[in-house]
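Below is one structure, written out as structure tokens, with a few remarks after it.
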Amino acid sequence: MNGEPLQTLLLILSLSFSQALASFYTLAQPVRDNQQGTLEPTDSFSKQFLITFVDYPGAKPYLDVLSEIYTELGFVVHKVPAPALRGLQLVNEGKVDADAHRLGRVAARFENVMLIKPELVRATLVLLCRSGVECNRNVLSNKEKLLLTNERSLMYLEDFDIQTRVIKKEIIINTVDMLRTKRADYATFMIDERQLVPPGMHYVKLRSIFLYHTINKKHAHLLPKIEEKMRIKRLQLNEILLSSKR
């Protein structure tokens with residue numbers, strides 16, 4: 001982004017999400033004088049690449065990989081947090097270029113969204129339990145219990161007999177705080193190979209899942225290059241993640 005990228009990103013984060021996108025495109029687009037003495041966009045605007053992501057603990061290594069991939073492809077990368085399903089909707093509408101990582105089963109339902117293979121995140125969907133409460137799968141069939149979850153997790157638990165009272169919460173970063181403050185006892189949560197569990201919490205494994213990086217179809221011509229880089233960097237990332245467990 002020509003000019004002052006830090007100021008632009010700070011402005012983006014200070015606005016509502018729709019305002020943020022509008023501000024990004026306005027501030028990101030460089031201009032030049034044409035022969036008539038008026039200003040028009042330069043070609044460098046096409047080198048901007050906007051990625052939405054779900055803000056949750058432990059996401060940084062995956063976001064770093066994506067920044068490396070698109071930087072190596074010649075783009076200036078910008079990352080903006082978005083609620084769980086909103087990011088995919090924005091990719092599908094072409095309002096952003098990509099979303100960091102999503103459940104393949106969910107992303108496949110969007111017509112203009114392409115999955116990048118191999119998977120970026122190898123994760124486990126778990127039942128996260130706050131300290132001091134029972135923690136087992138039987139909790140899900142108890143109508144007196146309260147479960148924090150979201151649409152994408154429920155899609156992967158369709159074969160579970162979930163009888164708990166469900167609160168759908170798409171802002172995942174707040175989930176752990178709600179458990180710690182006892183506003184809820186249980187939540188669906190994802191952990192990767194590092195098995196990073198918030199302190200004071202217990203968990204039960206529910207399902208192994210893969211999360212894929214997604215792009216808008218307008219970037220289909222880049223698919224072979226992106227997937228080639230993803231294969232290489234996914235192997236490197238695996239070594240980093242495993243070493244962090246030692």
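The values are calculated or read from the model by the stated rules, or taken from the named source; none is laboratory data. Here the structure is a predicted model, which means the values were calculated and not measured. Cβ sites come from the backbone with ideal geometry, for glycine too, and all protein chains shown count toward neighbours. The protein model used for the area step is the full one, side chains on, heavy atoms only, and it has no ligands, DNA or RNA in it. Shrake-Rupley method; radii C 1.70, N 1.55, O 1.52, S 1.80 Å.
One residue is enough: does the range 39-46 have a residue meeting the conditions modelled with pLDDT under 95, under 23 Å from Thr124 (Cβ atoms), open to solvent by 20 Å² or more (accessible area, probe 1.4 Å) and not acidic (Asp, Glu)? Looking through the range 39-46, none of the residues is modelled with pLDDT under 95, under 23 Å from Thr124 (Cβ atoms), open to solvent by 20 Å² or more (accessible area, probe 1.4 Å) and not acidic (Asp, Glu).
Within the option set Leu10, Leu15, being open to solvent by 80 Å² or more (accessible area, probe 1.4 Å), at pLDDT below 75, more than 29 Å from Arg231 (Cβ to Cβ) and among the aliphatic types (A, V, I, L, M) holds for one residue only, Leu10. Against the conditions (1) in a helix (DSSP H, G or I); (2) open to solvent by less than 50 Å² (accessible area, probe 1.4 Å), Ala187 satisfies every one except (1).
Give me a count of the residues in the range 119-142 that are among the charged types (D, E, K, R) and in a strand (DSSP E or B). Spell out how you get there, then give the answer.
Restricting attention to the range 119-142, the residues satisfying the condition of being among the charged types (D, E, K, R) are 119, 122, 130, 134, 137.
Checking which are in a strand (DSSP E or B) leaves us with 119, 122, 130.
Residues flagged as among the charged types (D, E, K, R) and in a strand (DSSP E or B) within the range 119-142 amount to 3.
Considering only residues in the range 53-78 that are part of a strand (DSSP E or B) and at pLDDT 95 or above, the one that is least open to solvent (accessible area, probe 1.4 Å) turns out to be His78. Can you tell me which of (1) over 19 Å from the mean Cα position of the chain (by Cα); (2) without any contact (Cβ under 8 Å) to a residue 60 or more places away in the chain; (3) open to solvent by 40 Å² or more (accessible area, probe 1.4 Å) is the one Gln89 doesn't meet? All conditions pass for Gln89, except number (1).
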